[in-house]
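Participant: Here it is, the structure in full.
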């Protein structure tokens, strides 16, 4: 007698691709008798693959049927392509519930989705180290220097110059908008690190301008700017916002440049210094690189997080290691509730102490503190972290402050926001305040308390930044909601900032109001006499408007003033 029909399913594989869908095909084969129908149910069971790896038309349950005389049928599933670097993924298909008279031979087959995405090579430790773009008279010897690990081949790397007015890439004199081509192998000038300098003739003079350092795979390693920030609109940095280096040149002496100084082995370990004698293609003055084979240096950075209204958000502290890249470094940390934050402000399960381990080649680690969201209007809260007991490293900066930024607005008068200090106590705080519009600018307006607090040491006015046409008129009474910030105007390299409110919402209360009374600046009776000798003599540490002109003018930020005739010169 002929054998009864039997169904078996075979394993299958497919390479996923980068987009769209690709079919994975499982053959179901009949053996024995070829007469009559042979059918069975099938079920997909997920392993390391899951439903998100398949197209929407894929059926994870169904029935396969081989009609009379048919020996092979196919079950197909649509696999989604992606560019994720991941292991191969698998799943199974199982046959069951065959029709009467049909047996099941091999009941289960394994499907394998083969990953075809390769992890890109890590970005080399190369960074911009020195810059010269503007000097007194005609610009000469304009150049950009890079530093990095000795032996790094810069073939294929480039520096793309960007115009901050429009964010468009432009060409160096005689060059291409594709960038300044870099070349050469970085020499060993100091503990396994070195520098190479490249001419940048015609580099623009800022307010702002910048450049992107691009590696040989087209990845933007750095997007830096000077005299402000901007967003690139084309080229490799398209869509990225630049990072201002914080120092600038404005007719500096010929032969000087802006340079990174300090001790370390990564860009973040150093700080930019203003004009000093150029050291093109050499380690900068005041710069020292740390050996990968000797104990390194540890620094922890301040951080902040907006608390949210519910659930938890992470307050993340970053600890950086400079040097010792071939060693294993450990350091203990402790979370201290020594500020205004308490245990109730943290999420359940918050770990307040532990040990960080830097494996060879690792330069950063994170300390994560969960913060509990709430809707209570309150001031920003702080806590701190301290590092101790480092192995294979010296702790250079072992304390950091974490700020839990309240996002529920606190109702404060303008003069309270301004306060007595050089900087507002409420920076980063969401506030609600109100006043009369006294002047309108292109990107904001000045708002002054209608009555003030009568204290000449505080300002009763503040600038409200709207980042566009404010839609306000002098005499409007306005209630403003926004975030308190300190603005550093222009190319100001001092610490004298201007307190402002970055508006998020505003309500027009009334129009045509009388303006607040102006403050009289006068040598005569009833007036405020400004200091005449000292502008700033305490590095902005002590607020003393009677003896410090910087404090005096800060106390009048945005206010209406009347200057008596004898003082006008």
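Values in this text are rule-based calculations from the coordinates and carry no lab data. A quick note: this is a predicted structure, and the numbers were derived from the prediction, not measured. Cβ coordinates were reconstructed from backbone atoms using ideal geometry, including for glycine residues, and neighbour counts include every protein chain displayed.
Participant: Using Cβ contacts closer than 10 Å as the measure, can you line up 331, 410 from fewest to most?
Facilitator: The fewest-first ordering by Cβ neighbours comes to 410, 331.
Participant: Something else now. Which of rounded, prolate, oblate describes the stretch 268-333, given a ≥ b ≥ c as roots of the alpha-carbon gyration tensor eigenvalues and a/c under 1.5 marking rounded, otherwise prolate only if a/b is larger than b/c?
Facilitator: oblate
Participant: Based on the mean of other beta carbon atoms within 10 Å per residue, what is the order of 233-246, 136-149, most packed first?
Facilitator: For the peptides 233-246, 136-149, the packing ranking is 136-149, 233-246.
Participant: Turning to a different aspect of this structure: What number, in nm² with one decimal, is the all-direction average of the projected area of the convex hull of the alpha-carbon atoms of the stretch 298-338?
Facilitator: Value for the stretch 298-338: 4.3 nm².
Participant: Report, in deg cm²/dmol and to the nearest 500, the calculated mean residue ellipticity at 222 nm for the chain, where each DSSP H run with n ≥ 4 adds -39500 (n - 2.57) and the sum is divided by the residue count.
Facilitator: So the calculated ellipticity at 222 nm is -500 deg cm²/dmol.
Participant: With N set to the residue count of the stretch 117-162, report its C-alpha Rg divided by 2.2 N^0.38 Å to two decimal places.
Facilitator: Here the answer is 1.58, to two decimals.
Participant: Return the tail of the calculated pair distribution for the stretch 410-510, meaning the percent of Cα-Cα pairs more than 20 Å apart.
Facilitator: Counting pairs separated by more than 20 Å, the tail of P(r) holds 32 percent.
Participant: Give the distance, in whole Å, between the Cα centre of the stretch 238-260 and the Cα centre of the stretch 129-180.
Facilitator: Centre-to-centre distance over Cα atoms comes out at 11 Å.
Participant: Rounded to the nearest Å, what's the spacing between the alpha carbon centres of the stretch 43-83 and the stretch 411-468? Just the number, please.
Facilitator: Using only Cα atoms, the two centres lie 65 Å from each other.
Participant: Whole number please: convex hull volume per residue of the Cα set in the chain, in Å³?
Facilitator: 244 Å³
Participant: Then there's this: Counting other beta carbons within 10 Å of each residue's own, what order do 384, 340, 257 fall into, fewest first?
Facilitator: Lowest count first: 340, 384, 257.
Participant: How large is the translational diffusion coefficient of the stretch 175-214 in µm² per second when you combine the Kirkwood radius over alpha carbon pairs with Stokes-Einstein at 4 °C and 1.567 mPa s?
Facilitator: Translational diffusion coefficient: 103 µm²/s.
Participant: Rounded if a/c is under 1.5, else prolate if a/b beats b/c, else oblate: with a ≥ b ≥ c from the C-alpha gyration tensor eigenvalues square-rooted, which is the stretch 402-444?
Facilitator: Taking the square roots of the gyration eigenvalues as a ≥ b ≥ c, the stretch 402-444 is prolate.
Participant: Still on this structure: How do 95, 376, 337 line up, fewest other C-beta atoms within 10 Å first?
Facilitator: Fewest-to-most ranking of 95, 376, 337: 376, 337, 95.
Participant: Once all Cα-Cα distances of the stretch 256-398 are split into 5 Å bins that start at 0, what whole-number percent is in each one?
Facilitator: Calculated P(r), rounded to whole percents: 2, 9, 17, 16, 13, 12, 11, 9, 6, 3, 1, 0.
Participant: Give me D for the stretch 1-41 in µm² s⁻¹, whole number, from Stokes-Einstein with Rh from the Kirkwood sum over alpha-carbon pairs, 37 °C and 0.692 mPa s.
Facilitator: Rounded, D is 257 µm²/s.
Participant: For the stretch 112-201, compute Rh as the Kirkwood radius over C-alpha pairs and then the Stokes-Einstein diffusion coefficient at 4 °C and 1.567 mPa s; write the answer in µm²/s, rounded to an integer.
Facilitator: Calculated translational D: 85 µm²/s.
Participant: Quickly rank 174-180, 194-200 as a protection proxy: mean count of other C-beta atoms within 10 Å, highest first.
Facilitator: 194-200, 174-180
Participant: In terms of the Cα gyration tensor, with a ≥ b ≥ c the square roots of its eigenvalues, is the stretch 6-114 rounded because a/c is under 1.5, prolate because a/b exceeds b/c, or oblate?
Facilitator: Prolate is the answer for the stretch 6-114, as a/c is 1.5 or above and a/b outweighs b/c.
Participant: Something else about it: Using Cα pairs closer than 8 Å and at least 6 residues apart in sequence, work out the relative contact order for the chain, in percent.
Facilitator: 8 percent
Participant: Using all Cα-Cα distances in the stretch 322-455, what percent lands in each 10 angstrom bin from 0 up to the longest?
Facilitator: Once binned at 10 Å, the Cα pair distances of the stretch 322-455 give 10, 28, 24, 19, 13, 6, 0.
Participant: Still on this model: Quick one: Kirkwood hydrodynamic radius for the stretch 126-289, alpha-carbon pairs, angstrom, one decimal?
Facilitator: Averaging 1/r across every pair of different Cα atoms and inverting gives 15.5 Å.
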